[in-house]
Amino acid sequence: MMNRRTMIAGMGAASVMGSVTVAIGQERAYIPLISKGFSHQFWQAVKLGSEQAAAEFGVDVTFEGPDNEGQVDRQIDMLAAALAKNPAAIGFAAVDSQASIPMLRTIDEAGVPIIAFDSGVASDLPVTTCTTDNLASAALAADEMAKAIGGAGKVAIISHDQTSVTGIERVQGFEEQVAAKYPDIEIVSIQYGGGDHLISTEITKSILTANPDLKGIFGANEGSAIGVLNGATESGSSIVIIGYDSGAAQKAAVRSGQMSGAITQNPVGIGYETVKAAVDTIMGKSVPKIIDTGFYYYTADNMDDPEIAAVLYD
């Protein structure tokens, strides 16, 4: 196979109906995006953003991910299949920040640029990473938890995994903020539910049984947060719940007051910026090593504000 970087050297760009069509030879550039998952509404919003950018820049994209966010081997198989289709670039959100590196090295050696999104890898192979500042957003979640529980008491964290950058950094950001600012708050349990709301529901009930005086739980992604909500409801508990991400169920819980609030990312922006960064890279433009796509904390009081509403998704 001809090295992709050699092929890019002969690439042409043409204006079509106000957009830029990125072509290699006579073919539109193909950019597959391999996600951590597919079923959560968060990933569907990322997909929407990638499709908006594809239409604007005149490229072809596909978006796929494993059935759940724990299928490392399945995701690596998807990467291999994407490479076999001769892409101009590949977008990748790693389930495991380490396990995918050998495959990413193969992709890089084939001359195909890698654009990481949402969750980076423990390597400098990606040209850039389009992501939320997970440490800062989780620190904000800790601040909001502290406000809601009066600055003192026992809390817990339920996160999606211990292998992805998002899973690691959201726990770390919350922990570090509590340690630095809130000496009267004790994190009594950190557990992982794979981003599955059913597993996270059972974990929540177990934590509440073991800690009847618990004040609050931080659910560090969409599935975790919904699991915390369901587990607290089934247990008859009125703990403070701080979530992460958006989605219809989480928005309804925030609006009703069942959930105090949640961090929202900008998933449409993540998808859009991933494809834009791929196009810029294909066309020989430089891109920053990190593209920060932003975050907000939303509550029943501000979720209808235009700036916030624009980044909430169903």
Portion, in percent, of the accessible area of the chain that falls on carbon or sulfur, probe 1.4 Å: 51
For the range 137-226: relative contact order, % (alpha-carbon pairs under 8 angstrom, 6 or more apart): 42
Cα centroid of the range 147-226 to Cα centroid of the range 231-282, whole Å: 15
Protein-only accessible surface order, largest first, of His40, His197, His160 at 1.4 Å: His197, His40, His160
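Please give the calculated 222 nm ellipticity per residue for the chain, where each DSSP H segment of at least 4 residues contributes -39500 (n - 2.57) and the sum is spread over every residue; nearest 500 deg cm²/dmol?
-13500 deg cm²/dmol
What is the local net charge at Asn230, summed over the other residues whose Cβ is closer than 10 Å to its Cβ (Lys, Arg +1; Asp, Glu -1)? Mind showing how you got there, number by number?
On the way: positive: Lys205; negative: Glu202, Glu234.
Counting the neighbours of Asn230, the net charge comes to -1.
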Cβ-placed point charges (K, R +1; D, E -1), dipole of the range 185-314 about Cα centre in debye, nearest 20: 200
In the chain, lysine pairs closer than 19 Å at Cα, eight or more apart or cross-chain: 11
Accessible surface, per residue, of the chain when the full set of protein chains is kept, probe 1.4 Å, Å²: 40
From phi via Karplus (6.51, -1.76, 1.60), per-residue ³J(HN,Hα) for the range 273-279 in Hz, x at Gly/Pro: 5, 5, 5, 4, 5, 5, 4
Under DSSP loop assignment and at most 12 Cβ neighbours within 10 Å, longest trypsin sites (Lys or Arg not before Pro)-free interval of the chain: 86-284
Alpha-carbon spread of the chain, three principal axes, descending order, Å: 65, 40, 33
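The values are calculated or read from the model by the stated rules, or taken from the named source; none is laboratory data. On a predicted model such as this, the values are computed, not experimentally measured, just so you know. We place every Cβ from the backbone using ideal geometry, glycine too, and count neighbours over all the protein chains shown. These accessible areas exclude ligands, DNA and RNA; they are computed on the full protein's heavy atoms, side chains included. Shrake-Rupley method; radii C 1.70, N 1.55, O 1.52, S 1.80 Å.
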